[in-house]
Structure formats: structure tokens, C-alpha cells
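Quick notes on the structure that follows.
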Amino acid sequence: MLLEDYRTLNNMTYQQLADFLEISHATEALRYCKGIRFPRPEVFVKIQNKTKHAVTANDFVAKYRDLHEQKVQP
């Protein structure tokens, strides 16, 4: 599951998600959700643990690939 999907399913704002994940800013949560920023390894672990493994590092990799493959294709 993508982090954005998790946020939506749990009716969280980006600020609520940031608080839930214990990260510093809503903007950081938004960037993780939109695939703009790739979390550091320790943040991956925190996200997996906090979401009870509903969101995994593999989900971020898949989103990253999707976003970057779209840019490369003609």
C-alpha cells in the first residue's frame, strides 16, 4: 500500500500523518506521499512499524519506479 493511500484510508491530514510517523513537518509527509522525496532507511523502518507493515519500503520503490519510468518514456 502506498503511504498516500494509507493516509487517505485513515482520514489523516499531512500534519496528522507527520505527527503519527513522528517526522518533523507536514511538508515532509507530503513529499513522501507524492514520491518527491525518498525516506532515509531509518524512516522506512519507522513507517513500516507505525503502519503495521501496511506500507513497506518496496511500496516506495515501486512508486519511485513508476514516476521515473513515466518521465523516460516518449
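Side notes on the structure shown:
- Placing unit charges on the Cβ atoms only, positive for Lys and Arg and negative for Asp and Glu, gives the chain a dipole magnitude near 100 debye about its Cα centre.
- The chain: radius of gyration over Cα atoms, expressed as a fraction of 2.2 N^0.38 Å: 1.07
- Whole-number percent relative contact order across the chain, with pairs defined as alpha carbons under 8 Å at least 6 apart: 30
- Å² per residue, accessible surface of the chain at 1.4 Å: 67
- Surface share of carbon and sulfur [accessible, 1.4 angstrom probe, percent] for the chain: 53
The values are calculated or read from the model by the stated rules, or taken from the named source; none is laboratory data. What you see is a predicted model, and the numbers here were worked out from it, not measured in a lab. Cβ sites come from the backbone with ideal geometry, for glycine too, and all protein chains shown count toward neighbours. Please note that ligands, DNA and RNA were not included when accessible areas were found on the heavy atoms of the full protein model with its side chains. Shrake-Rupley method; radii C 1.70, N 1.55, O 1.52, S 1.80 Å.
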